[in-house]
Amino acid sequence: MQTVARRDADSVRYIVLRKLASGLRHTMMGELQSIQFLAELGARKMEDGKGDVERTREFIGKISVAAGEAIGTCHSVIEWLRPEQGAVTTLGEAVNQCVKLAGDDWRMRATQASIDIPETASGARVSKSAARELIVTTVLALTDEQPGSLDIEIVGALTGERVDLRLRALASKRSPPLPSSVVYHTLDWEDVANLAAAHDVICTRENGTSTLRFAIVPVR
């Protein structure tokens, strides 16, 4: 039964990655395009005879900074594919990253998210792989569940040795520029529950609100 459950969880992970592919690509390409732009601009200045030593140093410095940012972004993307064992993150950081990736096409869907997490909960240390997988999967399941534009509410709260994250999606009256469509397969609450079980995370769903309860990782 454990083998079957593990395969079910891996199947959900594959669907999630297929859905996130566009957002991951945009994240990486945005950084690389910055490097390309700086290199082309520097080359053009030199061809125009305006590439003095100081200006050349300036462009090289900017390219170096942009390259460092691109490397950091690539590392972050690789972590989504194979998270480091035992890695932790804060709840606030995980929520922001997940909303950014899952919301890659929200502008075209006229969908928005509001995040209300107090500092005490936002700074709570949680398992990076558990938080990333479960938050982004829950958000994707909410958008798959309802067509059209949505208002997604994400609320966090500290509860003893755990931190709760409540998510729900409400239909919006905004008109989307393009009709909604499901990318690859749909995700539902059962998929979220499968991943939650794989991470030993408590999850519940009541009256359209999905609640994830993450254990707080103590500072050592």
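Every read-out reported here was derived from the displayed coordinates using simple, explicitly stated rules and does not represent laboratory data. Note that the structure is a prediction, hence the values are computed from the model and not measured. Positions of Cβ are backbone-derived with ideal geometry, glycine not excepted, and every protein chain shown enters the neighbour counts.
Taking segment 94-144 as the range and being within 28 Å of Arg174 (Cα to Cα), charged (D, E, K, R) and touching a helix residue (DSSP H, G or I) at 6+ places or on another chain (Cβ under 8 Å) as the test, the residues that pass are Lys100, Asp104, Asp105, Arg109. Restricted to segment 81-175, the set of strands (runs of 3 or more DSSP E) holding at least 1 residues that are crowded, with 23+ Cβ neighbours inside 10 Å and touching a Lys or Arg at 6+ places or on another chain (Cβ under 8 Å) comprises 150-159, 162-171. Considering only residues in segment 170-220 that are in contact with an Asp or Glu (Cβ under 6 Å, 6 or more places away or on another chain) and of a type in the set (A, V, I, L, M), the one that is nearest to Ala113 (Cα to Cα) turns out to be Leu170. Taken together, the residues in segment 168-207 that are on the phi > 0 side of the Ramachandran plot and in contact with a helix residue (DSSP H, G or I) (Cβ under 9 Å, 6 or more places away or on another chain) amount to 2.
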